[in-house]
């Protein structure tokens, strides 16, 4: 198979995690959507075998920033454009906007990113997803980024007011907001999904990090209902033809250490993706999301030799993706652990 690609992986100041969590499990490329370049200096200095690393640079946020040490706080439209240009100059292959960035600045970022021929992806909480997409955003990180574009206005107001006052409120209110949805009857679902298809937006839902089970850990009936709605929305997107990709977010509550990517695949299967569609989401579609489809994502003459060997047939049983027996990176076999 082609090497797997992870659309959402964080590994700041770290060499071991990209190898043990990703490379040894057949993931030969990943993107960190939104951390400063300096966090990856150990990677840049390392001369051993690592997955291919694609960076966005520090995410672009508004005041007060959610993660001050990880963000560029955009002052105005001109600063937004300058930041995009500087990020691309330093090697950013995409730009990430964060949830406190106002819509007018999101639009400026998208316009300049278009000039630089890079894509803008977004983590949203305060700006509605449909507005961000119309402004030019072409990637959505996290299924929860769609909540305010789907929920009733009254619930959205409570959510936004709370998060505007305290960014951490999003953690306790995301599942609440999603638990209020009636996706089968909502008049907002169809138009949003149509927009995703029309604008060819790529969705990296990272469902595994939001997984909730009643009575397990801090799982409640409300959280379990919310998670079912998240899965249902992704299923509806898939049925409509929205491009879904696979992102692990490094760890997930119901995944073994180093297996968040595999858990994401399992949940996407529950959303209705067939084994072959999952393989495409993990390889070719992610390559398109990274704009590297001319080099990676499929096995074709002239492409780079990032390949994996599987003891089984994942086109029939996705569980076989846990049976990676060999990884080739750029034509060189990777030393695999003995376990």
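What relative contact order, as a whole-number percentage, does the chain give when Cα pairs under 8 Å and 6 or more residues apart are counted?
Rounded, it is 17 percent for the chain.
Of the beta bridges DSSP finds with both residues in the stretch 195-339, what % are antiparallel, to the nearest 5?
75
Report the antiparallel proportion of the DSSP beta bridges in the chain as a percent, rounded to a multiple of 5.
About 25 percent, rounded to the nearest 5.
Expressed in nm², what is the orientationally averaged projection area of the convex hull enclosing the Cα positions of the stretch 26-124?
6.5
Using a Gaussian network model of the chain whose springs link C-alpha atoms within less than 10 Å, name the residue from 208, 92, 169 with the highest mean-square fluctuation.
Residue with maximal mean-square fluctuation among 208, 92, 169: 169.
May I ask you to derive the relative contact order of the stretch 193-304, considering only C-alpha pairs under 8 Å and at least 6 residues apart, and to give it as an integer percent?
So the answer I get is 25 percent.
Throughout, read-outs are computed from the coordinates displayed, never taken from laboratory work. Since the model is a prediction, treat every value here as computed from it, not as a measurement.
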